[in-house]
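Okay, so here's the structure we're looking at.
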Amino acid sequence: MSRLDTHWFTEIHEGAGSAFSLRIRKKLVEEQTPYQRIEVFETTDFGNFMVIDGCTMVSARENFIYHEMMTHPVLYTHAAPKNVIVIGGGDCGTLREVLRHSEVASAVQVEIDERVTRLAEQYFPELCELNEDPRATLIFGDGIQWIKDAAPQSLDVVIIDSTDPIGPAEGLFSRSFYEDCRCALRPGGMIVQQSESPLLHLHILRDMHTSMRSAGYNDVKTLQFPQMIYPSGWWSATIARKGEEIAGLREADVAAKPFETKYYNADIHRAAFALPTFLQQALAQ
Ligand code: SAM
């Protein structure tokens, strides 16, 4: 639920008895697509800001934390990520970070709502700056169906950068979807999914761990990072592996990475997987 005052956008988190606001200068666009309502605002301090169905999605100022943490931990853990798919992620920020890795030979983004990407191109051009990379393919369609149809053992990494588990994204949080992803992954392949707030959505995290394990994944682990514009300001991603092989962080490659990151580094990588006691207990097998 959201409320637009004269100078503030507010997302109310009814169930948590809390709310988050950004001061806005003006509304740049509002569109109802077949899938969702998209709004873009110009804020006074956070740059442009996208909202989908009243929920905060991306701000120009702080999206780097989310996009770096959705990509570099998994890509620097997989031994040799060549073929990567991003499900959702229509703002293209996750795709951009994937394409920074020179060992990635192909990166496909499957976003259900083309308007999210077209508006990102217009209002967040910095996130879309690698969309013309010859290794990138933008597909507009349902990620659930795309994964079902994907050739078995054709992918190394699946990144699920989705909206909350409602509407078209609901099926992206299901055991059958994880099974289809597992089928599309090569042995040693990895999956990472945004997994909501550890504080407010513990049940989603717990269900995700259970579903990924029962879909046959190993090493199901959650990493955490701050994300001011999302409910509670504290967010997570959950990572899992197909197969027994245990590879760790490719430290030397992180140290020698040929691109800049603003948030991610080897210390952050290790620290992100350290969990507070209540999460350790909730996510224990
Ligand atoms: N970072 C954001 C967050 O955690 O709140 C998510 C951003 S991204 C804009 C999420 C995208 O997932 C949306 O653009 C939405 O259209 C897309 N999406 C939702 N369900 C989908 C599906 N089944 N297949 C492909 N894309 C989907």
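Scan the range 96-113 for residues that are within 11 Å of the ligand (Cβ to nearest atom) and either charged (D, E, K, R) or open to solvent by less than 20 Å² (accessible area, probe 1.4 Å) (or both) and jot them down.
Initially, the range 96-113 is screened for residues within 11 Å of the ligand (Cβ to nearest atom), giving 109-113.
Of everything in the range 96-113, those that are within 11 Å of the ligand (Cβ to nearest atom) and either charged (D, E, K, R) or open to solvent by less than 20 Å² (accessible area, probe 1.4 Å) (or both) turn out to be 109, 110, 111, 113.
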Give the residue that is most open to solvent (accessible area, probe 1.4 Å), with candidates limited to residues of the range 143-198 that are under 24 Å from residue 104 (Cα atoms), of a type in the set (Val, Ile, Thr) and within 13 Å of the ligand (Cβ to nearest atom).
-> 144
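Does residue 227 satisfy being assigned by TED's automatic domain parsing to the domain that holds residue 92, surrounded by 23 or more Cβ atoms within 10 Å (Cβ to Cβ) and in contact with an Asp or Glu (Cβ under 9 Å, 6 or more places away or on another chain)? So that I can check it myself, show each step before the final result.
Details: assigned by TED's automatic domain parsing to the domain that holds residue 92: yes; surrounded by 23 or more Cβ atoms within 10 Å (Cβ to Cβ): no; in contact with an Asp or Glu (Cβ under 9 Å, 6 or more places away or on another chain): yes.
Here the answer is no, as residue 227 does not meet what is asked.
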Complete set of residues in the range 232-283 that are within 16 Å of the ligand (Cβ to nearest atom) and open to solvent by 20 Å² or more (accessible area, probe 1.4 Å) = 232, 233, 234, 263
Pairs, first among the β-branched types (Val, Ile, Thr) in the range 108-132, second open to solvent by 50 Å² or more (accessible area, probe 1.4 Å) and more than 11 Å from the ligand (Cβ to nearest atom), C-beta under 6 Å, six or more apart | 108/137
Qualifying residue in the range 114-132 (condition: under 28 Å from residue 48 (Cβ atoms), within 16 Å of the ligand (Cβ to nearest atom), assigned to a loop (DSSP other than H, G, I, E, B) and in the same structural domain as residue 250 (by TED's automatic domain parsing)) = yes
Name every residue in the range 194-248 that is touching a Lys or Arg at 6+ places or on another chain (Cβ under 7 Å) and hydrophobic (A, V, I, L, M, F, W, C), in order of residue number.
-> 215, 220, 239
Considering only residues of the range 35-48 that are under 16 Å from residue 117 (Cα atoms) and in contact with a helix residue (DSSP H, G or I) (Cβ under 9 Å, 6 or more places away or on another chain), which is farthest from the ligand (Cβ to nearest atom)?
-> 48
May I ask you to list the residues in the range 53-64 that are open to solvent by 10 Å² or more (accessible area, probe 1.4 Å) and in contact with a Lys or Arg (Cβ under 8 Å, 6 or more places away or on another chain)?
-> 53, 64
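Can you go through 168, 134, 198 and tell me which one is out of contact with any Leu (no Cβ under 8 Å at 6 or more places or on another chain) and farther than 15 Å from residue 84 by Cβ? Reasoning before the result, please.
Details: 134 fails: farther than 15 Å from residue 84 by Cβ; 198 fails: out of contact with any Leu (no Cβ under 8 Å at 6 or more places or on another chain).
Of the residues listed, the single one that is out of contact with any Leu (no Cβ under 8 Å at 6 or more places or on another chain) and farther than 15 Å from residue 84 by Cβ is 168.
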Checking residue 121 against (1) surrounded by 22 or more Cβ atoms within 10 Å (Cβ to Cβ); (2) in contact with a helix residue (DSSP H, G or I) (Cβ under 6 Å, 6 or more places away or on another chain), which test does it fail?
-> (1)
Look through the range 52-87, keep the residues that are assigned to a loop (DSSP other than H, G, I, E, B), within 15 Å of the ligand (Cβ to nearest atom) and touching a helix residue (DSSP H, G or I) at 6+ places or on another chain (Cβ under 8 Å), and return whichever of them is modelled with the lowest pLDDT.
-> 53
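The values are calculated or read from the model by the stated rules, or taken from the named source; none is laboratory data. Because the structure is a prediction, the values reported are computed rather than measured. Using ideal geometry, Cβ is built from the backbone for each residue, glycine included, and neighbour counts are taken over all protein chains shown. SASA here: full protein model, heavy atoms, side chains in, ligands and nucleic acids out. Shrake-Rupley method; radii C 1.70, N 1.55, O 1.52, S 1.80 Å.
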